[in-house]
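Structure first, commentary second.
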Amino acid sequence: MRLVILEDYDQASEWAAKYICNRIIQFKPNQGRYFTLGLPTGNTPLGCYKKLIEYHKNGDLSFKYVKTFNMDEYVGLPRNHPESYHSYMWNNFFKHVDIDPNNAHILDGNAPDLQAECDAFEKKIEEAGGIDLFVGGIGPDGHIAFNEPGSSLSSRTRLKTLAMDTILANAKYFDGDLSKVPTMALTVGVGTVMDAREVMILITGAHKAFALYKAIEEGVNHMWTVSAFQQHPRTIFVCDEDATLELRVKTVKYFKG
Amino acid sequence: MPSNKSVSDAPIFQFTNCRILRNHELQREDLWVREGKILNPEKLFFDEKGSADIQLDCKDSIIAPGFIDVQINGGFGVDFSLATDDFKSGIDLVSQKILSHGVTSFCPTLVTSPPSVYHQILPQISVRNGGAHGAGILGVHLEGPFISKEKKGAHPERCLRTFEAGAFQDLLATYGSLDCVRIVTLAPEMKRSSEVIRELTQRGICVSLGHSVANLSQAEEAVQQGATFITHLFNAMLPFHHRDPGIVGLLTSDKIPAGRRVFYGMISDGIHTNPAALRIAHRAHPKGLVLVTDAIAGMGLAPGRHTLGQQVVEIDGLNTYIAGTKTLSGSVATMDTCVRHFLEATGCSVETALEAASLHPAQLLGIEHEKGTLNYDSDADFLMLSDSLYVQATYIAGEQVWRRDASGM
């Protein structure tokens, strides 16, 4: 893996955004050849999205020939609920850039047949030629997307019940009221993300430090599902100094050097 | 990128680089319009997979809902209370001219007149949508003749009437028809006014209290019966008294029925109301304040003599008096001038000043789902304004109907 350590959140966000931007530009996407991007939600990638929007507004980056696939969406939350991932993606990204709405794919948590929706999503990824770059985050419990501790490391897109850690972490978006937080979600599987040609995981903040340690300094383990990426040929972990607090000095020095 | 044709073939407009008034604050958001209504772009993106056909850069303008003037007696030489042969072209002229003041909907107002005048004029006014031809007409505001002699202001005494004989039947006979009447101003202390207020309210007509010497209990009784508006607060009513606040006391009355709000018109031209009085009213009941112009025929014209119904008035700057007296009679301030003056006099936020001329009048008339806001699915009647609230362009149903040209006209 590559472990890229930046000084703070802003620098980490910028590094990640520049990386995505360069990947797309180097790919030279066009009418017949789209760049496929997997996208996360949550607090961590907000800075990265802001930077991508900036590059777009400067005229340096177009999403005209980019297809996106989001990692997850809550089940049972109305699509226009301010906390749905559809709302998140619209407000924080889609409305500011020139992506074709037909190319922005997000799982529908209100589909009549949830498993069929998940299967269709896998099919869409396949039809798009697979994911060129999957950008993700890490939960405090080491999960990638909503692949909670105990998820199979070869899992595919499916319905998952959220772990208590996740529900507690999300409560702040629902007025601190646990009863309002959705308990189920549709999520890409660990296997789905592992299929991507390249993976970039964004990890910032001291509260994620332990999860990062478990993910890269301990073994591959279904209790810390991000650890699966130790076996991916091309993964980059982008973090800030605070996220490295639980790592060994030797690890940090090696990757900084 | 072309819009998806699954729902509609109509072009989609995206107004960018602007600050829009939404949810009581100026937000840095784009305004999307399709088929004359404000469009929800998120719904368009996810449900229809659609996008804008035409993008317009608003150069950092403020976009606010179009102003709604519920008390305007005329302008540009036209007097709505004068039955002329070319009355229709007169109302058309005013509705077209006020677009440049940011008014997209209005209630032509008739002052106290003899029944013959109402019978001649009212059939010639119809409720109609606005457009390139002019601001929309929401209905007529009948100010009088059922008002108090002591507070007639500029209204002619000989035309005043009471309800004593036949109450509502008298009113109907006086006006002839209530078909496109939206607001009636009356004095609630008059005998039998309660039945009239009830009957008008039942017919969906907004009853306003004004030109009256009512005390607070009489005013509260009127509100119980359905009255919801006060015509030009402070003017033509008893002054506030600490043991009987009169109609002014409605602003803080505890006898307003639950779920109802009393609105009050204010002419904020700097003349009809001292800025300190404007501030007192605003602070006491900010959500009820409705800016009105009470403009008369001389608005938009040079100083001098003009008619107002059966009277002759004299204009000198922003002051208008009954000729030869010091009795104020209507104003010549434009709506956007009133908004700017209100902003300056009260030190309120830009959002508050704009809502006093758009959201509040819409709420008064119960049309806030179509007019007075930039909420999704409401009518796309809006203005582009500079930071100091000068109207740069006026839009009705998404179409530009007026624009300030380079010379500032």
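The numbers here are math on the coordinates, done by the rules we state, and not lab data. All of these numbers come straight from a predicted model, not from anything done at the bench. Note that each Cβ is placed from the backbone with ideal geometry, even for glycine, and that neighbours are counted across all protein chains shown.
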Calculate how steeply helix B:275-284 sits against the longest principal axis of the alpha-carbon atoms of chain B, using the helix alpha-carbon long axis, and give the answer as 0 to 90 degrees to the nearest 10.
80 degrees
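Order the peptides B:250-256, B:105-111, B:381-387, B:367-373 from the highest to the lowest mean number of other Cβ atoms within 10 Å of their residues.
With the highest mean Cβ count within 10 Å placed first, the list reads B:105-111, B:381-387, B:367-373, B:250-256.
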Please list, or write none, the lysines whose alpha carbon is within less than 24 Å of the alpha carbon of B:Lys371, excluding same-chain residues fewer than 8 places away.
B:Lys37, B:Lys43, B:Lys97, B:Lys287
So how do A:Arg33, B:Arg161, A:Arg158 line up by other beta-carbon neighbours within 10 Å, fewest first?
A:Arg33, B:Arg161, A:Arg158
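Please arrange A:Ser152, B:Ser95, B:Ser177, A:Ser87 by how many other C-beta atoms lie within 10 Å of their C-beta, fewest to most. Numbers along the way, then the final one.
Values: A:Ser152 14, B:Ser95 25, B:Ser177 11, A:Ser87 18.
Ascending Cβ contact count within 10 Å gives the list B:Ser177, A:Ser152, A:Ser87, B:Ser95.
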Sequence-distant residues sharing a close amide H with B:Gln392 (under 5 Å, placed H):
B:Met384, B:Leu385, B:Ser386
Is the stretch A:60-143 best put as rounded, prolate or oblate by its Cα gyration tensor, with a ≥ b ≥ c the root eigenvalues, rounded for a/c under 1.5, and otherwise prolate when a/b is larger than b/c, oblate when not?
rounded
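Stokes-Einstein D for the stretch B:66-365 at 37 °C, 0.692 mPa s, Kirkwood Rh over Cα pairs, in µm²/s? Don't skip to the answer; put the middle values down first.
On the way: Rh = 18.8 Å.
Here the translational diffusion coefficient equals 175 µm²/s.
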Considering amide H positions built from the backbone, and no H for Pro or chain starts, which residues 5 or more places from A:Gly205, or on another chain, come under 5 Å of its amide H?
A:Asp240, A:Asp242, A:Ala243
Enter the Cα centre distance for the pair the stretch B:30-44 and the stretch B:330-409, rounded to the nearest angstrom.
19 Å
For the stretch B:115-126, Karplus couplings with θ = phi - 60° (6.51, -1.76, 1.60), whole Hz, Gly/Pro x:
x, 4, 5, 4, 5, 7, 7, 4, x, 8, 10, 10
Set of aspartates and glutamates with alpha-carbon distance to A:Lys18 below 14 Å, sequence-local pairs under 8 removed
A:Asp10, A:Glu54, A:Asp60
Eligible aspartates and glutamates near B:Lys49 by straight Cα distance, threshold 12 Å, same-chain separation 8 or greater:
A:Asp100
Let me know the mean shielding of A:99-107 by other chains, meaning the per-residue number of their Cβ atoms within 10 Å of its Cβ.
3
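For B:Gln27, what charge total do you get from the other residues with a beta carbon under 15 Å from its beta carbon, if Lys and Arg give +1 and Asp and Glu give -1?
-3
Is the shape of the stretch A:140-226 best called rounded, prolate or oblate, per the rule: a/c under 1.5 gives rounded, else a/b larger than b/c gives prolate, else oblate, with a ≥ b ≥ c the square roots of the Cα gyration tensor eigenvalues? Don't jump to the answer; show the numbers that get you there.
Details: a/c = 1.97, a/b = 1.31, b/c = 1.50.
Here the stretch A:140-226 falls in the oblate category.
How would A:Lys51, B:Lys37 line up from fewest to most surrounding beta-carbon atoms within 10 angstrom? Could the numbers behind the result be given before it?
Values: A:Lys51 20, B:Lys37 17.
Least crowded to most crowded, the residues run B:Lys37, A:Lys51.
Considering every residue in A:87-98, what mean count of other chain Cβ atoms within 10 Å of its Cβ is obtained?
Working: counts 2, 0, 3, 5, 2, 0, 0, 4, 7, 1, 0, 2.
Rounded to a whole number, the mean comes out at 2.
Could you please report the charge total around A:Ala209, scoring K, R as +1 and D, E as -1 over all other residues with beta-carbon less than 14 angstrom from its beta-carbon?
On the way: positive: A:Lys208, A:Lys214, A:Arg248; negative: A:Asp141, A:Glu217, A:Glu218, A:Asp240, A:Glu241, A:Asp242, A:Glu246.
Local net charge: -4.
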Output the antiparallel fraction of DSSP beta bridges having both residues in the stretch A:2-256, as a percent to the nearest 5.
30 percent
Write down the radius of gyration of the stretch A:1-125 and its Dmax, each obtained from C-alpha positions, in Å.
15.3, 46
For the stretch B:375-392, just list the computed ³J(HN,Hα) in residue order, Karplus coefficients 6.51, -1.76 and 1.60, θ = phi - 60°, integers in Hz, with x standing in for Gly and Pro.
5, 4, 6, 7, 4, 7, 9, 8, 10, 9, 10, 7, 4, 8, 6, 9, 5, 9
Given Cβ charges of +1 for Lys and Arg and -1 for Asp and Glu, the option among B:Ser8, B:Thr293, B:His369 whose Cα lies farthest towards the positive end of the dipole of the protein assembly as shown is B:Thr293
Kindly write out, for the stretch A:71-85 in residue order, the coupling ³J(HN,Hα) from the Karplus curve 6.51 cos²θ - 1.76 cosθ + 1.60 (θ = phi - 60°), rounded to whole Hz, with x marking Gly and Pro.
6, 7, 7, 5, 8, x, 8, x, 4, 8, 5, x, 9, 5, 6
Compute all pairwise cysteine Cβ distances in chain B, then list the cysteines with no distance under 4.7 Å to another cysteine.
B:Cys107, B:Cys159, B:Cys180, B:Cys206, B:Cys338, B:Cys348
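Note the direction-averaged projected area, equal to a quarter of the hull surface, for the Cα convex hull of chain A, in nm².
Values: hull surface 51.8 nm².
Taking a quarter of the hull surface, the average projection is 12.9 nm².
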Residues whose modelled amide H sits under 5 Å from the amide H of B:Val312, counting only those 5 or more places away in sequence or on another chain, are B:Ala323
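Output the direction-averaged projected area (hull surface divided by four) of the convex hull of the alpha-carbon atoms of the stretch B:331-409, in nm². Show your work: numbers first, answer last.
Values: hull surface 24.6 nm².
If I average the Cα hull's projected area over directions, I get 6.2 nm².
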